[in-house]
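Student: Below is the structure I would like to discuss, written out as structure tokens.
The values are calculated or read from the model by the stated rules, or taken from the named source; none is laboratory data. Remember, predicted model here, so these are calculated numbers, not experimental data. Here Cβ is always computed from backbone atoms with ideal geometry, including for glycine, and neighbour counts include all displayed protein chains. Calculation scope for accessible area: heavy atoms of the full protein, side chains included, ligands and nucleic acids excluded. Shrake-Rupley method; radii C 1.70, N 1.55, O 1.52, S 1.80 Å.
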Amino acid sequence: MKKTIYYRILFYAAGLLLLALGLTLNTKAGLGVSAIISVSYSISLIFSYNFGNTTLALYGCFVVIQLFLHLYQMTRRRDSSSDLTAAPASAKGKYILLSDLLQFPLSIVFTRFLNIFSAVLPSIPEDDTSLPAIVFRVILLLFAITFTGAGAAMSLNMRLIPNPGDGIVQAISDTIHKSVGFTKNCFDLFNIALAVTISFLFAGHPEGVGIGTVLAVIGVGRVISFFNHFAYEKMRVLAGME
């Protein structure tokens with residue numbers, strides 16, 4: 001039993017590290033970042049704020065929204081349920097709210113790794129448009145999409161504390177009664193639109209949004225599916241979840 005718990009924690013932690021590395025590589029490629037961090041990245045570029053701290057503020061907003069959505073769902077369930085089902089629903093609701101609150105410390109740790117990776121990994125000069133630089137940017141983007149997808153799959157499969165970017169999508173999906181895939185696509189488009197709007201208002205041109213953003217929206221989901229096809233069952237067995 002203890003061994004399976006260790007595996008579960010190991011897969012979860014490794015997934016978050018890969019996710020942080022993938023998101024950071026996305027910023028280093030210079031072709032446009034992942035939709036979920038496009039808002040925080042564009043703000044950090046425009047106002048010269050720290051990327052990790054800006055993302056932490058964004059994740060904090062995501063967690064607050066999740067809390068409101070889950071409280072709204074609990075209120076509706078309580079109003080429509082009988083007294084016999086109120087107790088289990090209340091216990092489950094407390095677990096959900098606790099999971100939401102634990103995303104705050106998770107966000108702090110996660111964004112510190114964003115800062116570490118941002119400081120350690122080199123950047124390509126923006127004015128370098130040579131062929132080797134373009135090829136290197138594309139290679140970085142491919143690694144970024146791969147690491148982001150694999151990291152998201154590993155952490156989500158362990159069913160522990162969700163990353164705020166994933167948690168808010170699930171909360172919205174549950175509230176509007178739409179599929180997670182549909183909600184994710186809509187939320188990505190919303191973030192991209194918001195990032196572009198902020199960029200034009202304060203910089204006069206797009207910041208952090210480009211072809212890489214579009215490829216990340218398409219590619220990350222494909223990587224998650226590919227990763228889970230080969231590793232999902234094996235991981236869950238090792239983690240004692242099957």
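Student: Take the alpha carbon atoms of segment 1-19, find their center, do the same for segment 146-188, and report the distance between the two centers in whole angstrom.
Tutor: Measuring centre to centre over Cα atoms gives 18 Å.
Student: Continuing with this model, one more query. Relative contact order (percent) for the chain, with alpha-carbon contacts under 8 angstrom and 6 or more residues of separation?
Tutor: In percent, rounded to a whole number, it is 42.
Student: For the Cα atoms of the chain, what angle does the longest principal axis make with the long axis of helix 83-120, in degrees from 0 to 90, nearest 10?
Tutor: Approximately 20 degrees, to the nearest 10.
Student: With every protein chain left in place, what is the accessible area per residue of the chain in square angstrom, probe 1.4 Å?
Tutor: Ligands and nucleic acids excluded, the figure is 54 Å² per residue.
Student: Can you tell me which lysines have their Cα less than 20 Å from the Cα of residue 3? Leave out same-chain residues fewer than eight positions away.
Tutor: Leaving aside lysines fewer than 8 places away in the same chain, those within reach of residue 3 are 234.
Student: With every protein chain in place, what's the accessible area of residue 21 (1.4 Å probe, Å², nearest 10)?
Tutor: Rounded to the nearest 10, that gives 40 Å².
Student: Using all alpha carbons of the chain, what is the percent of pairwise distances in each 10 Å bin, ordered from the shortest bin to the longest?
Tutor: Histogram of Cα-Cα distances, whole percents per bin: 7, 29, 35, 20, 7, 2, 0.
Student: Test of understanding: in a Gaussian network model of the chain with alpha carbons linked when under 10 Å, which of 152, 91, 144 would top the mean-square fluctuation ranking?
Tutor: 91
Student: Still on this structure: Compute the long axis of helix 35-47 from its Cα atoms, compare it with the longest principal axis of the Cα atoms of the chain, and write down the angle in degrees, 0 to 90, nearest 10.
Tutor: It works out to around 50 degrees.
Student: Given contacts defined as C-alpha pairs under 8 Å and at least six residues apart, what's the relative contact order of segment 144-242, whole-number percent?
Tutor: 42
Student: If I fit a long axis through the Cα atoms of helix 131-157 and take the longest principal axis of the Cα atoms of the chain, what angle between them do I get, 0 to 90°, rounded to 10?
Tutor: Rounded to the nearest ten degrees, it is 10.
Student: Given a Förster distance of 30 Å, report the FRET efficiency between residue 78 and residue 13 from their Cβ-Cβ distance, rounded to the nearest 0.05.
Tutor: 0.25
Student: Rounded to the nearest 20 Debye, what is the dipole magnitude of the chain about its Cα centre when Lys and Arg each give +1 and Asp and Glu each give -1 at the C-beta?
Tutor: In debye, rounded to 20, the chain gives about 820.
Student: Using label points projected 7 Å from each Cα along Cα→Cβ, tell me how many nm separate residue 108 and residue 133, to one decimal.
Tutor: The answer from the label model is 4.0 nm.
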